[in-house]
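For reference, the structure discussed in these notes is given below.
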Amino acid sequence: MGGVSRGMISGKTELLALIGRPVGHSLSPAMHNAAFVADGLDFVYVCLDVDPAELPAAVRGMEALGFRGFNVTMPHKRAMILLVDELDEGARISGAVNTVVIEDTGLRGYNTDGDGMVMACQEAGIELSGRSVLLLGAGGTAAAIAVAFGNAGIGELHIANRSVERTAQLRDRLHETDLEGLVVHHLDSVEEAVPDAEIVINATPLGMKEGDPMPVPAGYVRKNRVFCDAVYRPGTQTPLIRLARERGVPVVSGDRMLLYQGVLAQKLWTGREPNVRAMDRAIS
Ligand code: NAP
């Protein structure tokens, strides 16, 4: 680590990767490599397109080749749970791993997505303590956000999802946390069921594609609340963030979450405070 010409690959360069399918569109290589170049760290981060059937072989391969670690994205986040030796709280409760550190003693699985969203809110000056939060979605990202927001001391958490089964599963998983005031709803009922939410977080994929419906009715997007979106679309805004900005509603967009989940992952691999400014510039 350290001591190389900026951006050069040496005989000792440490290897990091993003595994997923597809991965070619990812901003993560630009984001991580920018910090390594800026600080002269002898690391390189690449994208590896991995067939789900080959996931165990790919992980064993990275271990055998001496990779320092890797990020995990769709569709491997859940399957990764079974391939690591240890899990942090966010990964265990959410059932999804987004970051792995390869140690001599085995593989450590983390989920930095939830804390990434917390840090993005902190960056925006949003107080979380005691606040009433409405979380849209009950998948791996929603679960990781629920754990992290619980740890950040929110007041009550309303989870609204499309399918009842997944909501019930998440509620059961969250029972082992200290989260108080947990209430679940159907996604279609938020306007009537949760009139007082102060912070609303979209953790469904709605907004990823042009023409997607909004995750909440447009009338719900009002100035007395903050809107956070896990979804990000390089070069454009999600309809939710666009509408909120038009109405002067405070927002935290998905690219800020992307930045901070990456900052947390990089710190786990290098043991150093990442160069946040270089990472931010690379994705802006
Ligand atoms: P997931 O595990 O597949 O969960 C998706 C959730 O969204 C489920 O609760 C699902 O409901 C709901 N959903 C899916 N399609 C829907 C639709 N058409 N209408 C209403 N609800 C729908 O996915 P995930 O891993 O949690 O990821 C969610 C989103 O977060 C993705 O867009 C991902 O790109 C984004 N993300 C962003 C970052 C970042 O750094 N910014 C990090 C992680 C994830 P059902 O239970 O009814 O299927």
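No lab work stands behind these numbers, since they all come straight from the coordinates. Since the structure is predicted, the reported quantities are computational estimates derived from the model, not experimental observations. Glycine gets a Cβ as well: all are built from the backbone with ideal geometry, and neighbour counts include every protein chain shown.
So the values come out like this:
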read-out: Where Rh is the Kirkwood radius over Cα pairs, Rg/Rh for the stretch 27-183; value: 1.01
read-out: Rounded to 5, percent antiparallel among DSSP beta bridges of the chain; value: 20
read-out: Given charges at beta-carbon only (K, R positive; D, E negative), |dipole| of the chain in Debye; value: 740
read-out: Beta bridge orientation in the stretch 47-161: antiparallel %, DSSP, nearest 5; value: 55
read-out: With Cα atoms, 0 to 90° folded angle of helix 164-174 axis to the chain main axis; value: 70
read-out: Value of relative contact order over the stretch 145-284, rounded to a whole percent, pairs C-alpha under 8 Å and six or more apart; value: 16
read-out: With 5 Å bins from 0: P(r) over the stretch 1-98, alpha-carbon pairs, percent; value: 3, 13, 22, 20, 19, 14, 7, 2, 0
read-out: Order of L170, L82 under a 10 Å beta carbon neighbour criterion, fewest first; value: L82, L170
read-out: Full-extension gain in nm, R21 to V46, via 0.36 nm per residue minus C-alpha separation; value: 7.7 nm
read-out: Tilt relative to the chain, helix 254-270 - C-alpha long axis, 0 to 90 degrees, to 10; value: 40
read-out: Convex hull volume per residue in cubic angstrom - Cα atoms of the chain; value: 129
read-out: Eligible lysines near K223 by straight Cα distance, threshold 28 Å, same-chain separation 8 or greater; value: K209
read-out: Relative packing of 222-232, 257-267, which averages over residues the other C-beta atoms within 10 Å, highest first; value: 257-267, 222-232
read-out: Burial ranking of peptide ranges 97-104, 200-207 (average Cβ count within 10 Å, highest at the top); value: 200-207, 97-104
read-out: Longest to shortest principal axis, alpha-carbon extents of the stretch 134-284, angstrom; value: 43, 39, 26
read-out: Cα long-axis angle, helix 28-39 against the chain (0 to 90 degrees, to the nearest 10); value: 60
read-out: Dipole of the chain, positive direction: furthest Cα of G11, L187, L65, with charges on the beta-carbon; value: G11
read-out: Calculated diffusion of the stretch 232-284, Stokes-Einstein form, Kirkwood radius summed over Cα pairs, 25 °C and 0.890 mPa s, µm²/s; value: 198
read-out: Kirkwood hydrodynamic radius of the stretch 52-113, Cα pairs, Å; value: 11.3
